[in-house]
Amino acid sequence: QVQLVESGGGLVQPGGSLSLSCAASGTSFSFYIMAWYRQAPGKQRELVAEITTGTSANYADSVKGRFAISRDNAKNTVYLRMNSLVPEDTAVYYCNGVYGRGSYWGQGTQVTVSS
């Protein structure tokens with residue numbers, strides 16, 4: 001089992017950038033497929049980006065070319081770099097880790113894009 005703690009959320013102006021981090025505790029982090037999801041008010045939670053146990057990454061169409069997911073297995077951390085933010089990116093961002101039958105979530109971090 002892994003415990004996930006997100007950090008780095010906050011308020012940013014449109015066009016700005018923000019980086020999120022998700023620190024994992026427990027064992028076998030390198031075996032986990034890691035992902036970032038987000039949930040805006042009144043909407044379903046949606047996949048933003050995921051990264052395999054290697055470096056292969058997939059992105060939602062809405063963030064392609066603007067967001068980048070990465071991981072550092074030595075630090076048990078996954079990152080989400082967000083550039084060219086728009087108000088529609090406003091949401092609670094959640095870190096997710098999947099290994100075998102287990103799927104684990106962090107508590108979420110708020111990202112607000114507003115002038």
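For region 23-115, list the strands (runs of 3 or more DSSP E) that sit wholly inside it and hold at least 2 residues that are among the hydroxyl-bearing types (Ser, Thr, Tyr); which are they? Working first, answer last.
Working: elements: 33-39, 46-51, 57-59, 67-72, 77-82, 91-99, 102-105, 109-113.
Answer list for region 23-115: 77-82, 91-99, 102-105, 109-113.
In the set 49, 35, which member is open to solvent by less than 20 Å² (accessible area, probe 1.4 Å), within 17 Å of residue 108 (Cβ to Cβ), free of Cβ contacts under 8 Å to residues at least 60 places away in the same chain and out of contact with any helix residue (DSSP H, G or I) (no Cβ under 6 Å at 6 or more places or on another chain)? It would help to see each step written out before you state the result.
On the way: 35 fails: free of Cβ contacts under 8 Å to residues at least 60 places away in the same chain.
Exactly one residue qualifies, and that residue is 49.
Might you let me know whether region 56-64 holds any residue that is in contact with a helix residue (DSSP H, G or I) (Cβ under 9 Å, 6 or more places away or on another chain) and either over 12 Å from residue 35 (Cβ atoms) or without any contact (Cβ under 8 Å) to a residue 40 or more places away in the chain (or both)?
Narrowing region 56-64 to residues in contact with a helix residue (DSSP H, G or I) (Cβ under 9 Å, 6 or more places away or on another chain): 62-63.
From what's left, either over 12 Å from residue 35 (Cβ atoms) or without any contact (Cβ under 8 Å) to a residue 40 or more places away in the chain (or both): 62-63.
Yes, region 56-64 has at least one match.
Which one of the conditions (1) without any contact (Cβ under 8 Å) to a residue 40 or more places away in the chain; (2) open to solvent by 50 Å² or more (accessible area, probe 1.4 Å) does residue 69 fail to meet, given that it meets all the rest?
Of everything listed in (1) without any contact (Cβ under 8 Å) to a residue 40 or more places away in the chain; (2) open to solvent by 50 Å² or more (accessible area, probe 1.4 Å), residue 69 misses just condition (2).
When region 1-17 is examined, which residues are found to be under 17 Å from residue 36 (Cβ atoms), open to solvent by 60 Å² or more (accessible area, probe 1.4 Å) and hydrophobic (A, V, I, L, M, F, W, C)?
5, the sole residue that qualifies.
Considering only region 79-115, state which residues are of a type outside the set (Gly, Ala, Ser) and either farther than 22 Å from residue 44 by Cβ or touching a helix residue (DSSP H, G or I) at 6+ places or on another chain (Cβ under 6 Å) (or both).
Going residue by residue through region 79-115, those that are of a type outside the set (Gly, Ala, Ser) are 79-83, 85-90, 92-96, 98-99, 101, 104-105, 107, 109-113.
Within region 79-115, 79, 81, 83, 99, 101, 113 qualify.
Can you tell me which residue in region 73-91 is most open to solvent (accessible area, probe 1.4 Å), limited to those that are closer than 14 Å to residue 28 by Cα and under 13 Å from the mean Cα position of the chain (by Cα)?
Let us first name the residues in region 73-91 that are closer than 14 Å to residue 28 by Cα, namely 73-78.
Adding the requirement that they be under 13 Å from the mean Cα position of the chain (by Cα) leaves 77-78.
On the way: 77: 17, 78: 0 Å².
Selected residue: 77.
Name the one entry in 103, 115, 56, 25 that is open to solvent by 60 Å² or more (accessible area, probe 1.4 Å), among the small types (Gly, Ala, Ser) and within 20 Å of residue 7 (Cα to Cα).
103
The values are calculated or read from the model by the stated rules, or taken from the named source; none is laboratory data. Keep in mind that this is a model prediction, so the values were computed, not measured. Reconstructed Cβ throughout: ideal geometry from the backbone, glycine too, with neighbour counts over all protein chains shown. Note: accessible area is taken over every heavy atom of the protein model, side chains too, but ligands, DNA and RNA are not part of it. Shrake-Rupley method; radii C 1.70, N 1.55, O 1.52, S 1.80 Å.
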